[in-house]
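Novice: So that we are looking at the same thing, I have put the structure below in structure tokens.
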Amino acid sequence: MSIVKYLSLGLAVCAVAVALPWIIKFHGAVSHSPSDWADFGSYIGGTFSSLFAALALIALLYTISQQHRQIQGLRQQASKEDILHAIDRLERDLEKALEGVNVSINYQDGQQTVSARDVLFKPSAMGYKQAIPDQAEIMKEESSGENRENYRSKILLFETFGLAAAELNQIRLYAEGLKKLESKSGTSILSRYYHRKYNLAYSRLYNRGILDKAWVPET
């Protein structure tokens, strides 16, 4: 039942509650004396107006409460939209960081060249550890000084995947902020979506030590 129906019912109850005692006490014929009607008006005005004012106050407080909820909802929606816009920018930066970078992976049946994006996002790229150099490999190549070309190649890959890791870490932070906003409405659809979308890439970079914190979705 809406607040208007509640208030209408309340007014009807108040009217009956005010008029009934008068009718019971003075149940005679309708008076033709102006003084009697003046007394009746004073009685109604003194009792019913107070009840009406109380109902009006309740209606005002309810309206203020509803406006406050709407403002909070608009603020929450604006925050969510800001986060989604930020994630969208990070996704574009991530694609640019991986664009045009290819990696050779050695398998038992030969060597295969894949894109840096496939290394992170394709489950079939099982040799991703070869493609993503960690800091220990970089230091080893630098200290050996034997193959400078291989060293420069690993440096390029380390920078590429390091930049991708930075973008993914920011996406994780924004997704966790999105989770806090969604928890107020009892849902976590968007935060779970981003976790599923980037979980493989994030986990591979975490396993190679480029990211230092696992992305575990909150339950």
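Novice: Given (1) buried (at least 16 other Cβ atoms within 10 Å of the Cβ); (2) within 10 Å of the chain's Cα centre (by Cα), identify the lone condition not met by R204.
Specialist: Only one criterion is unmet by R204, namely (2).
Novice: Taking helices (runs of 4 or more DSSP H) that fall entirely within region 110-219, which contain at least 3 residues that are polar (S, T, N, Q) and at pLDDT 85 or above?
Specialist: Those helices (runs of 4 or more DSSP H) span 148-183, 189-207.
The values are calculated or read from the model by the stated rules, or taken from the named source; none is laboratory data. In this text the structure is predicted, and so the values were computed from the model without any measurement. All Cβ positions, glycine included, derive from the backbone under ideal geometry; neighbour counts span all protein chains shown.
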